[in-house]
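**Q** Please find one structure pasted underneath; my questions will follow.
The values are calculated or read from the model by the stated rules, or taken from the named source; none is laboratory data. Everything numeric in this text was worked out from a predicted model, so none of it was measured. Every residue, glycine as well, gets a Cβ built from its backbone with ideal geometry; the counts of neighbours run over all protein chains shown.
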Amino acid sequence: MNREELKEYIQIVYGVEPDSPWLTMSNYQVYRHSANRKWFAVVMDLPKCKLGLAGDEVIDVVNLKCGEMLACTLIGEVGYFPAYHIKKSGWISVCIGSVADEELKMLIDVSFQQTMPKVRKKRYEDME
């Protein structure tokens, strides 16, 4: 999967268009839930060295939320890194094109689910 295919997947499955919130980084794209505006994917182009890799070649990366346990399992595998520029636990950076398409789609789905608006459960007192 390349960057354009990732964009197409998100648009078809979730009906979400990216926005570019940073003027100086117009190639960075953020995908948000329409209801709560929370990010579920951030696509960036970064020099390899920003992820601790050798070289300054620019690569496409997507940050996704996947939960702490899954993040700990994936980080260190080929194509997976601690989330670039997001210091919250449970986020990872994935090098686009370096993992299987189905695996990346599954991780996008997980990220979308984990950042959805919370449904408030009605309390018994609220129902009276």
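To keep it simple, each residue is scored yes or no on (1) surrounded by fewer than 17 Cβ atoms within 10 Å (Cβ to Cβ); (2) of a type outside the set (D, E, K, R); (3) assigned to a strand (DSSP E or B); (4) touching a His at 6+ places or on another chain (Cβ under 6 Å).
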site: LEU53; (1), (2), (3), (4): yes, yes, no, no
site: ASP56; (1), (2), (3), (4): yes, no, no, no
site: LEU64; (1), (2), (3), (4): no, yes, yes, no
site: THR73; (1), (2), (3), (4): yes, yes, no, no
site: ILE86; (1), (2), (3), (4): yes, yes, no, no
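**Q** Restricting to region 106-118, what's the tally of residues that are modelled with pLDDT under 95 and either small (Gly, Ala, Ser) or part of a loop (DSSP other than H, G, I, E, B) (or both)?
**A** Result for region 106-118: 4.
**Q** Step by step: first the residues of region 106-123, then only those that are surrounded by 12 or more Cβ atoms within 10 Å (Cβ to Cβ) and among the β-branched types (Val, Ile, Thr), then the one that is nearest to GLN11 (Cα to Cα). Which residue is that?
**A** ILE108
**Q** So, in region 1-51, of the ones that are over 21 Å from GLN114 (Cβ atoms) and touching a residue at least 60 places away in the same chain (Cβ under 8 Å), which residue ends up surrounded by the fewest Cβ atoms within 10 Å (Cβ to Cβ)?
**A** If we take residues in region 1-51 being over 21 Å from GLN114 (Cβ atoms) and touching a residue at least 60 places away in the same chain (Cβ under 8 Å), then ASN2 is surrounded by the fewest Cβ atoms within 10 Å (Cβ to Cβ).
Listed here are the residues, each with its yes/no results for (1) within 23 Å of VAL13 (Cα to Cα); (2) at pLDDT below 95.
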| site | (1), (2) |
| --- | --- |
| TRP39 | yes, yes |
| LEU51 | no, yes |
| ASN63 | yes, no |
| ILE75 | no, yes |
| TYR84 | no, yes |
| LYS87 | no, yes |
| ASP101 | yes, no |
| LEU104 | yes, no |
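**Q** Can you name every residue in region 38-51 that is outside any strand (DSSP E or B) and either among the basic types (Lys, Arg) or touching a His at 6+ places or on another chain (Cβ under 7 Å) (or both)?
**A** Residues satisfying the conditions are LYS38, LYS48, LYS50.
**Q** To continue, here is another question. For LEU74, all conditions in the list (1) in contact with a Ser or Thr (Cβ under 8 Å, 6 or more places away or on another chain); (2) touching a residue at least 12 places away in the same chain (Cβ under 8 Å) hold save one; what is the number of the exception?
**A** LEU74 satisfies all of (1) in contact with a Ser or Thr (Cβ under 8 Å, 6 or more places away or on another chain); (2) touching a residue at least 12 places away in the same chain (Cβ under 8 Å) except (1).
**Q** Can you pull out the residues in region 88-103 that are outside any strand (DSSP E or B), closer than 21 Å to ASP45 by Cα and of a type in the set (S, T, N, Q)?
**A** Residue satisfying the conditions is SER98 alone.
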